[in-house]
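Taking it in order: structure first as C-alpha cells, then the write-up.
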Amino acid sequence: MPDNEIRQDLRGSTLWVTLNRPEARNALTFAMYDELARICSGVTLGGAVKAIVVTGAGDKAFAAGTDMRQFRAFATDQDALDYEHRIDMVLEAVERCPVPTIAAMSGACTGGGAGIAAACDIRIATADLKIGFPIARTLGNCLSISNLARLSGLMGAGRVREMIFTARLLGAEEAKSAGLVSEIVADHEALLGRAAELADTLAGHAPLTLRTTKEGLRRLRVEGPRADDRDLVVEAYRSADFQEGLEAFLGKRKPVWKGR
C-alpha cells in the first residue's frame with residue numbers, strides 16, 4: 001500500500017483513521033481494507049486509544065466503495081470467494097474492535113465504504129450524505145450473507161432489499177430514519193467537531209461496559225438470543241472496574257476506569 005493512503009492520528013485518547021485517496025473519492029484498495037482491519041485488531045482495552053473515528057479525506061466522500069480496477073484481475077471462482085471473505089474479515093475486525101468506533105461521513109458513502117460505516121458502533125453524517133449499495137446498476141455483484149445480516153440488523157430486511165433492488169442512495173434524513181445514521185450536522189467542519197466531542201464522551205465511560213455490549217450485540221446477530229454470554233457477564237462483574245464503579249458511586253465521586 002502506498003504511504004499515507006490510510007492516515008492515523010492519535011489526538012488525546014482518540015485515534016483518527018482517515019481513508020486518504022480524495023482524488024478517487026477515497027475508494028478502497030485491498031491493501032487499505034487490510035490496513036483498516038490491522039488497525040482495529042491492534043487496539044487493546046486499557047491502552048492509549050479509548051475510541052476510534054473513521055472518516056474520509058476531504059468533504060466529498062467517506063469512501064466510494066472498492067476501487068473497481070482491482071476486479072479486472074478476477075479470473076476464477078476463488079477470486080470472488082476470496083474477495084467477499086476478505087470484506088467479511090475486515091468488517092468483523094471493525095465490529096470486534098474493543099473500543100468504540102465512530103464513522104464520520106460526508107458526501108458519498110457507497111459499497112465497501114457503507115459496509116465499513118455499518119460495522120462501526122455509531123454513524124454521524126453531514127446533510128449531503130448519500131449512502132447505499134448501488135451494485136444492481138453498477139457492477140452486478142452481491143453482498144455476503146454476513147454483510148446483509150449486519151445491515152438488516154440496523155435497517156430491517158425490507159429496507160435493505162428495497163435499497164439494493166432500486167440501487168438508489170439514501171440521503172441523510174432517510175438514512176437517519178432507517179437507522180443507519182444517528183446524527184446529522186450541517187457541514188464537514190461540524191462533523192469533525194461533533195465526532196471529536198462524541199469520542200471524548202465515549203472515552204470517559206466504562207470500557208468493559210462498552211466492549212461487552214459490542215460483543216453481546218454481535219453474538220446476538222450471529223447466534224441469536226440463545227448465544228452464550230456467561231463470559232461477558234463474568235468479565236464485567238468480576239472486573240476491577242466494576243469494583244471501582246461501585247465504590248465511586250457509593251462514595252459520590254467520579255470513577256477512574258482502567259479497562260480491566
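The values are calculated or read from the model by the stated rules, or taken from the named source; none is laboratory data. On a predicted model such as this, the values are computed, not experimentally measured, just so you know. Methodologically, a virtual Cβ is constructed for each residue, glycine included, from the backbone with ideal geometry; neighbour enumeration extends over all protein chains shown.
Numbers for the structure displayed
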item	result
Residue among Leu148, Leu154, Leu143, Leu198 that alone is in contact (Cβ under 8 Å) with a residue 60 or more places away in the chain and assigned by TED's automatic domain parsing to the domain that holds Val90	Leu198
Answer from Gln70, Gln78 - the residue that is at pLDDT below 95 and either surrounded by fewer than 15 Cβ atoms within 10 Å (Cβ to Cβ) or assigned by TED's automatic domain parsing to the domain that holds Ala127 (or both)	Gln70
Extreme residue, nearest to Ala51 (Cα to Cα), among residues of segment 194-208 that are touching a helix residue (DSSP H, G or I) at 6+ places or on another chain (Cβ under 8 Å) and among the hydrophobic types (A, V, I, L, M, F, W, C)	Leu202
Boolean, Leu191 is touching a residue at least 12 places away in the same chain (Cβ under 8 Å) and assigned by TED's automatic domain parsing to the domain that holds Asp121	yes
Qualifying positions in segment 8-33 - outside any strand (DSSP E or B) and either outside the structural domain of Val54 (by TED's automatic domain parsing) or farther than 15 Å from Ala63 by Cα (or both)	Gly12, Ser13
Qualifying residue in segment 226-247 (condition: assigned to a loop (DSSP other than H, G, I, E, B), at positive phi and surrounded by fewer than 16 Cβ atoms within 10 Å (Cβ to Cβ))	no
Matching residues, segment 18-47, being more than 25 Å from Leu191 (Cα to Cα) and among the aromatic types (Phe, Trp, Tyr)	Phe30
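A quick yes/no check of all residues on (1) in contact with a Lys or Arg (Cβ under 8 Å, 6 or more places away or on another chain); (2) farther than 16 Å from Ile6 by Cα:
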{"position": "Gly58", "(1), (2)": "no, no"}
{"position": "Ala64", "(1), (2)": "yes, no"}
{"position": "Phe71", "(1), (2)": "no, yes"}
{"position": "Phe74", "(1), (2)": "no, yes"}
{"position": "Gln78", "(1), (2)": "no, yes"}
